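The values are calculated or read from the model by the stated rules, or taken from the named source; none is laboratory data. This one's a predicted model, so the numbers in the text were calculated from it and none came from an experiment. All Cβ positions, glycine included, derive from the backbone under ideal geometry; neighbour counts span all protein chains shown. Heads up: the accessible areas ignore ligands, DNA and RNA and are worked out on the full protein's heavy atoms, side chains in. Shrake-Rupley method; radii C 1.70, N 1.55, O 1.52, S 1.80 Å.
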Amino acid sequence: MTVNLVRSGRLYPGVPYAYASVAPPGSLIFTAGACPLDDRGDVVGAGDVRVQASLAVANLATALAESGATLADVLKTTVFVASAERADLVAAWDVVSAAFGEHDAPSTLLGVAVLGYAGQLVEIEAVAVAPG
């Protein structure tokens, strides 16, 4: 299946993502939040948003692969960063954006007070379309 990223001539054109995405009829994949956990369940990269974002993206890609999809099948992401500092949100976004490359699916980036694991700074969830 092909993801159609929707641009708009009526909304601000300088955003680094598509405003919406459309998939043909088929199965959707909803991921749990991908966390910066290693294979032992330990949070990696204490205090380092970029390291945690990188592992969260890798873990997201693994969850998608196990579902028969890739990052290119993602319709939308939500990126959570446990920080009130805009620089931390931008750092996480830079990693996520680089991982998705040209597939700039719609995304929401939020600063939150706390995430589920001690020391966790980043979590990424996604909705994707299952390739048919």
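Our summary gives the stretch 23-118 a relative contact order of 27 percent, counting only alpha carbon pairs under 8 angstrom and 6 or more residues apart.
What angle, in degrees between 0 and 90 and rounded to the nearest 10, separates the Cα long axis of helix 86-100 from the longest principal axis of the Cα atoms of the chain? Long axis of 86-100 versus the principal axis of the chain: about 50 degrees. To put it simply, the accessible area of the chain at a 1.4 Å probe is 56 percent carbon and sulfur. Estimated at 0.36 nm per residue, the fully extended path between Phe30 and Arg50 surpasses their Cα-Cα distance by 4.8 nm. Note on exposure: Thr2, Thr78 ranked by accessible area (1.4 Å probe, complete protein assembly) read Thr2, Thr78, with the most exposed listed first. Summing Lys and Arg as +1 and Asp and Glu as -1 over all other residues whose Cβ lies under 14 Å from the Cβ of Thr78 gives a net charge of -1. Who wins for biggest fluctuation among Leu71, Leu55, Leu115 in a Gaussian network model of the chain, springs between alpha carbons below 10 Å? The residue that fluctuates most here is Leu115.
Residues Ser97, Ser83, ordered by accessible area of protein heavy atoms at a 1.4 angstrom probe radius and largest first, appear as Ser97, Ser83.
When the surface is traced with a 1.4 Å probe over the full set of protein chains, Glu66 keeps roughly 150 Å² accessible.
Computed from Cα atoms, the angle from the helix 49-66 axis to the main principal axis of the chain rounds to 50 degrees. Loop-located chymotrypsin sites (Phe, Trp or Tyr not before Pro) across the stretch 47-132 with a Cβ neighbour count of 15 or fewer within 10 Å are Tyr117, with loop assigned by DSSP. Note on Ser54: accessible area approximately 60 square angstrom, rounded to 10, probe 1.4 Å, nucleic acids and ligands left out. Proximity of backbone amide H atoms, modeled 1.01 Å from N, is registered between Leu109 and Val79 at under 5 Å, excluding neighbours fewer than 5 places apart on the same chain. Taking label positions 7 Å along the Cα-Cβ direction at both Asp104 and Tyr12, the computed distance is 1.3 nm, reported to one decimal.
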